[in-house]
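Enquirer: Pasting in a structure now, in structure tokens, and then I'll have a few things to ask.
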Amino acid sequence: MSIPRKGRLGLLSAATAGVVVAATVAVIGAAEAGTTLGASAAEKGRYFGVAIAAGRLSDSTYSTIARTEFNSIVAENEMKWDATEPQQGQFNFTNADRIANFAATNGKLLRGHALLWHAQQPGWAQNLSGTALRNAAINHVTRVATQYRGKIHSWDVVNEAFADGSGGGRRDSNLQRTGNDWIEAAFRAARAADPGAKLCYNDYNTDGINAKSTGIYNMVRDFKARGVPIDCVGLQSHLGTSLDSTYQQNIQRFADLGVDVQITELDVQQGNNQANIFASVTRACLAVARCTGITVWGVRDSDSWRTGQNPLLFDASGNKKAAYTSVLNALNAGGTTTPTTVPTTGPTTGPTTAPTTNPPSSGACSARVTLNSWSGGYVATVRVTAGSSAVNGWTVGVTVPSGGAVTSAWNATNTGTSGSVSFRNVGYNGQIAAGGYTEFGFQGTGAGPTATPTCSAG
């Protein structure tokens, strides 16, 4: 989030992006149990997380609080579309990796935020529409979710797609204008790319039972009935000076649909009631079995997007506030339930099969394929490397095993979908300097290709 970029200073009852749930539980030593937010939440089978920015990790006070107090991490902006794909088909994970590495190094869960959102799109995506935008969006979901496959416990697949107001309908956006099924398509693509991650829908002004939260409720109910892969709903909970009386009831009704609920971007305007509201939110989550975690949107008041409202648990100097104590006390007091979907597995890294390659020949090109596979499907990344001379155009041949088929490709165009499939460069990646390389990818059903790919230049 880092909401100065969102321009939503007037929305105090909720605001932007996040969802979360389970794929791992950070291990906390017994001596630490109950003395930090993350440790106490872990005792209850939940997480208590924080949104961080890569640019602030060099601040020792900031990074120490993030490391010692929380057991889950989410990126404010570094995993959004404009950050990860600044040019179409050209991905940059440098800052996102800084967040992921911080989480991994310090034994934290990692949430992903956010794959598709009408805001913070790169300029090239803003200029697309219709089928071109739909294809680009699904490609983006596939590539980014694949990049972090096995490392993210929960993804905010779609963020803020419903409109404010009394209608409870969809927000008008360039994504919505590609067709009303765009959210479903995004969730299906995310499941194919990372089958182990929880897939979440996330939105603001959904902190009680109202028209907007009911519109989302109806979408989730429909998805569950039709088998669309959705695992969780995120309530952002950017709160003012009071808490909706139906807050816990709203959490419970989503849980009753068979999805998890996470409080994803919690912050509360400072005032006489701040500590009580933080504690009430915590107790409401603990009271519902499928409320699996809470994330606060920022470390210290000075790091918050809500300038001057001091809405977080630590003051600008990093001191614990009364709100911090109220939350820790609520966590240590416990709740009436244990989550029904307790995180149990740790992140996995690396490809599931070894890369196969043919050796480069002088003046020609070589190709190497790396697979991320799961039961029934895979994503393949292919590196095309020039030999001793530059390449001006290339074609890669891949043998897709019997019973499988290529379903989509990026940074290349394919001829055929099964058996012998050829991939040809697109306009921007056909020229490769001598010894240099480019990459393309494709997704498929069945078993992935294991035979050595061929590569021809020209």
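The values are calculated or read from the model by the stated rules, or taken from the named source; none is laboratory data. Keep in mind that what you see is a predicted model, and the values were worked out from it rather than measured. Ideal geometry is used to build each Cβ from the backbone, glycine not excepted, and the neighbour counts take in all protein chains shown. Just so you know, the surface numbers come from the protein's heavy atoms only, side chains and all, with ligands and any DNA or RNA stripped out. Shrake-Rupley method; radii C 1.70, N 1.55, O 1.52, S 1.80 Å.
Each row is one residue, and each column tells you yes or no for (1) in contact with a strand residue (DSSP E or B) (Cβ under 7 Å, 6 or more places away or on another chain); (2) charged (D, E, K, R); (3) buried (at least 24 other Cβ atoms within 10 Å of the Cβ); (4) closer than 24 Å to Ala104 by Cα.
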residue	(1), (2), (3), (4)
Ser129	no, no, no, no
Ala136	no, no, no, no
Arg177	no, yes, no, no
Asp181	no, yes, no, no
Arg188	no, yes, no, no
Arg191	yes, yes, no, yes
Leu199	yes, no, yes, yes
Asp203	yes, yes, yes, no
Val228	no, no, no, no
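Enquirer: Mind listing whichever residues of the range 415-436 are open to solvent by 60 Å² or more (accessible area, probe 1.4 Å) and either of a type in the set (D, E, K, R) or within 27 Å of Ala132 (Cβ to Cβ) (or both)?
Expert: Selection gives Thr415, Thr417, Ser418, Arg424, Gly427, Tyr428, Gln431.
Per-residue answers, yes or no, for (1) part of a loop (DSSP other than H, G, I, E, B); (2) closer than 22 Å to Ile294 by Cα; (3) touching a residue at least 60 places away in the same chain (Cβ under 8 Å):
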{"position": "Asn202", "(1), (2), (3)": "no, yes, yes"}
{"position": "Thr206", "(1), (2), (3)": "yes, yes, yes"}
{"position": "Ile209", "(1), (2), (3)": "yes, yes, no"}
{"position": "Thr214", "(1), (2), (3)": "no, yes, no"}
{"position": "Tyr217", "(1), (2), (3)": "no, yes, no"}
{"position": "Arg221", "(1), (2), (3)": "no, no, no"}
{"position": "Lys224", "(1), (2), (3)": "no, no, no"}
{"position": "Val228", "(1), (2), (3)": "yes, no, no"}
{"position": "Gly234", "(1), (2), (3)": "no, yes, yes"}
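Enquirer: Scan the range 264-315 for residues that are within 30 Å of Gly55 (Cβ to Cβ), part of a loop (DSSP other than H, G, I, E, B) and among the β-branched types (Val, Ile, Thr) and jot them down.
Expert: Answer for the range 264-315, where residues must be within 30 Å of Gly55 (Cβ to Cβ), part of a loop (DSSP other than H, G, I, E, B) and among the β-branched types (Val, Ile, Thr): Val299, Thr307.
Enquirer: Of the numbered conditions (1) in contact with a Gly (Cβ under 7 Å, 6 or more places away or on another chain); (2) polar (S, T, N, Q); (3) within 20 Å of Thr36 (Cα to Cα), Asn276 satisfies every one except a single condition; which is it?
Expert: It fails just one condition, (1).
Enquirer: Please specify each residue of the range 79-131 satisfying the condition of being hydrophobic (A, V, I, L, M, F, W, C), within 12 Å of the chain's Cα centre (by Cα) and in a loop (DSSP other than H, G, I, E, B).
Expert: Within the range 79-131, Met79 is the sole residue that qualifies.
Enquirer: Any idea which of Leu266, Leu243, Leu286 is open to solvent by 30 Å² or more (accessible area, probe 1.4 Å), hydrophobic (A, V, I, L, M, F, W, C) and within 27 Å of Met219 (Cα to Cα)?
Expert: Leu243
Enquirer: Another question about this same structure. Could you run through the range 420-458 and say how many residues are hydroxyl-bearing (Ser, Thr, Tyr), under 22 Å from Ala386 (Cβ atoms) and assigned to a strand (DSSP E or B)?
Expert: Initial filter on the range 420-458 (hydroxyl-bearing (Ser, Thr, Tyr)): 420, 422, 428, 437-438, 445, 450, 452, 454, 456.
The next check asks that each one be under 22 Å from Ala386 (Cβ atoms); those that pass are 422, 428, 437-438, 452, 454, 456.
Retained after the next criterion (residues that are assigned to a strand (DSSP E or B)): 422, 437-438, 454, 456.
Going through the range 420-458 one residue at a time, the tally reaches 5.
Enquirer: Which numbered condition trips up Thr417, out of (1) closer than 21 Å to Val144 by Cβ; (2) in a loop (DSSP other than H, G, I, E, B); (3) of a type outside the set (Gly, Ala, Ser)?
Expert: Answer for Thr417: the failing condition is (1).
Enquirer: Of all residues in the range 53-66, which are buried (at least 18 other Cβ atoms within 10 Å of the Cβ), outside any loop (DSSP other than H, G, I, E, B) and not hydroxyl-bearing (Ser, Thr, Tyr)?
Expert: Correct list: Ala54, Ile65, Ala66.
Enquirer: So, in the range 152-174, exactly how many residues are assigned to a loop (DSSP other than H, G, I, E, B) and surrounded by fewer than 24 Cβ atoms within 10 Å (Cβ to Cβ)?
Expert: Number of matching residues: 12.
Enquirer: A further question on this structure: Being part of a loop (DSSP other than H, G, I, E, B) and either at pLDDT 95 or above or exposed (fewer than 13 other Cβ atoms within 10 Å of the Cβ) (or both) is the filter here, so list the residues in the range 322-339 that pass it.
Expert: Selection gives Thr336, Thr338.
Enquirer: Take the residues in the range 290-321 that are within 20 Å of Asn273 (Cβ to Cβ) and among the basic types (Lys, Arg); name whichever of them is most open to solvent (accessible area, probe 1.4 Å).
Expert: Lys320
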